[in-house]
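Heads up: the structure comes next, in structure tokens.
The values are calculated or read from the model by the stated rules, or taken from the named source; none is laboratory data. Worth saying up front: this structure is predicted, and the values here are computed from it rather than measured. So basically every Cβ, Gly included, is an ideal-geometry build from the backbone, and we count neighbours across all protein chains shown. All accessible areas refer to the heavy atoms of the entire protein, side chains included, with ligands and DNA or RNA removed. Shrake-Rupley method; radii C 1.70, N 1.55, O 1.52, S 1.80 Å.
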Amino acid sequence: MIPRFNYSFSVREVWGAMSALFAKEPSGAPVYTRLFPAATVYEISSARAGIAYALAALQLPENARVGVQPYTCSSVMVAIQKAGFRLVFIDIDETLTLDTNDLADKLTGLDALIVTHTFGISAKVARIKELVEDLPVIEDCAHAFGSRYDGVQVGNFFDMAVFSFGNGKFPALGSGGLLVVNNRQYVDAVNERMHQLKPNSLFSELAFVGRQLIKSLLYSRVGYSLIYKFFSRRLADRGKQIDTHSGLENEIYRTVKGRLRTDVAEIQAAAIRQRRNALAIIDKHNATFNFIYNQDPDSTCFALVCLHEQRDDLFNHLIQGGIGAGKHFQHASLWASSFGYQRGDRPHFDQLVEQVITIPCHDALTQTDLSIIDEALARYAKRGSFREQLTAFS
Ligand SMILES: Cc1ncc(COP(=O)(O)O)c(C=O)c1O
């Protein structure tokens, strides 16, 4: 089966990680320094931790109202609530990012806003900037390392931004992220928080490397087929649970920090391959399937994202064809309902959350994998048009 994500951890990468562990301080310029020329950038343990640090730095009153789209990770919802704030859900549009009309309606009364560049598709930055004026804004770029808006890396546009290098992200380093502080007003508060973080013990660093190695085996072709055969139901059920793990107290793993320095060329090459893979499929099937992606030619493709009315049917077809498709955030309505969301509140979201399907385009795909995906989509499209003809006939 073609794994959904690329969690490979090569001998060279393990070596790079271990060297960072035993070096005094991981050396060399990290990959992102040129991406945020005007910001102060912190390496952190996760994007959710970054959102918590950023929200704290805003120094909002208790019960302040934070706008966020419901089509997001449950860990983001938890981070807002744990910070002592209330969530105000703002609808999305067919790009799976903030619906600026709904934002305009909900703006009065918001104390802060989270803007998510879902799947690396940039939100409508210019329109949001016009609307929010001086409302504090945090960009959630967990899916958007290497994604651009108007030719500029996202994460440069508002007060602060967070990135993730955790599982299922790009680059998928298993953990870690960035907090980018663009507004100098918040640097002191963030600095203070960063000084309170504890380094990870040698044992937890080694345990993390061990977990990554196991994950790389589980997400190999054979491992992934076995997981799917035996655990797919359990995994789907686990996805319903809200992710409450916060990891707020610790620094980024040194092994991840090391890889952000030693694996720069690989990360850049992987981004290019990933986009090439995505476009190879999109170009062939754009007329039949509704793919959404960042049109900027230099932007990373997080996954092949498609909106499809018979999403579950297409999903089953792809899984049967040996393709590790996903229904990303499929339980987002359920998660959001724990934070006051009621079905019908945000109509586009209700509809779109049931249409999203992601298809792997990661850099480990081979030419054969791409042909398998291509043929599976072609077969599905043919089946669909045959059905349409039958319906028209009857
Ligand atoms: C849109 C979005 N924001 C934030 C996060 C949290 O990232 P992390 O796991 O690094 O905390 C995720 C994780 O899935 C996400 O999808």
Lysine pairs, Cα distance under 25 Å, 8 or more residues apart or cross-chain: how many in the chain? 27
Name the residue, out of ALA207, ALA52, ALA271, whose mean-square fluctuation peaks in a Gaussian network model built on the chain with Cα pairs under 10 Å. ALA207
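Would you kindly give the portion of the calculated P(r) for segment 119-189 that falls above 21 Å, as a percent of all Cα pairs? Present the calculation step by step, with values, prior to reporting the outcome.
Numbers: 666 of 2485 pairs.
Everything past 21 Å amounts to 27 percent.
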Probe 1.4 Å, all protein chains present, accessible-area order of TRP335, TRP15, largest first: TRP15, TRP335
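Where the accessible area of the chain is counted over protein heavy atoms with a 1.4 Å probe, how much of it, in %, is carbon and sulfur? Let's see the in-between values first.
On the way: 9500 of 18060 Å².
That share works out to 53 percent.
Report the relative contact order of segment 27-126, percent, no decimals, based on alpha-carbon pairs under 8 angstrom and at least 6 residues apart. Write out the running numbers ahead of the final one.
Numbers: 114 pairs, mean separation 25.7, N = 100.
Relative contact order here is 26 percent.
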Where the eigenvalues come from the Cα gyration tensor of segment 162-300, what are the semi-axes √(5λ) of the equivalent ellipsoid, largest first, in whole Å? 30, 24, 17
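Normalising by the residue count of the chain, find the relative contact order in percent from Cα pairs under 8 Å and 6+ residues apart. Display every interim value, and only then the final one.
Working: 712 pairs, mean separation 95.3, N = 394.
24 percent.
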Need one number: nm distance between label points at ARG233 and LYS198, each 7 Å from Cα along Cα→Cβ, rounded to one decimal. 4.0
Just the accessible area per residue of segment 11-196, please: how many Å² with a 1.4 Å probe? 38
At each listed q (0.17 Å⁻¹), what is the log10 of I(q)/I(0) that the Debye formula gives for segment 11-196 modelled as equal alpha-carbon point scatterers? -1.09
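How much of the pair distance distribution for the chain lies past 34 Å, counting alpha-carbon pairs only, in percent?
Values: 21057 of 77421 pairs.
Across the chain, Cα pairs with separations above 34 Å total 27 percent.
For ASP313 and SER371 in the same chain, what is the full-extension length gain: residue separation times 0.36 nm, less their Cα-Cα distance, in nm? Let's see the in-between values first.
Numbers: separation 58, 0.36 × 58 = 20.88 nm, distance 2.05 nm.
Here the answer is 18.8 nm.
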In Å, the Kirkwood estimate of hydrodynamic radius for segment 262-393 over Cα pairs equals 16.4
So how long is each side of segment 91-237 along the principal axes, counting just the alpha-carbon atoms, biggest first, in Å? 50, 40, 31
Regarding segment 1-108, what's the average projected area of the Cα-atom convex hull, expressed in nm²? 11.3
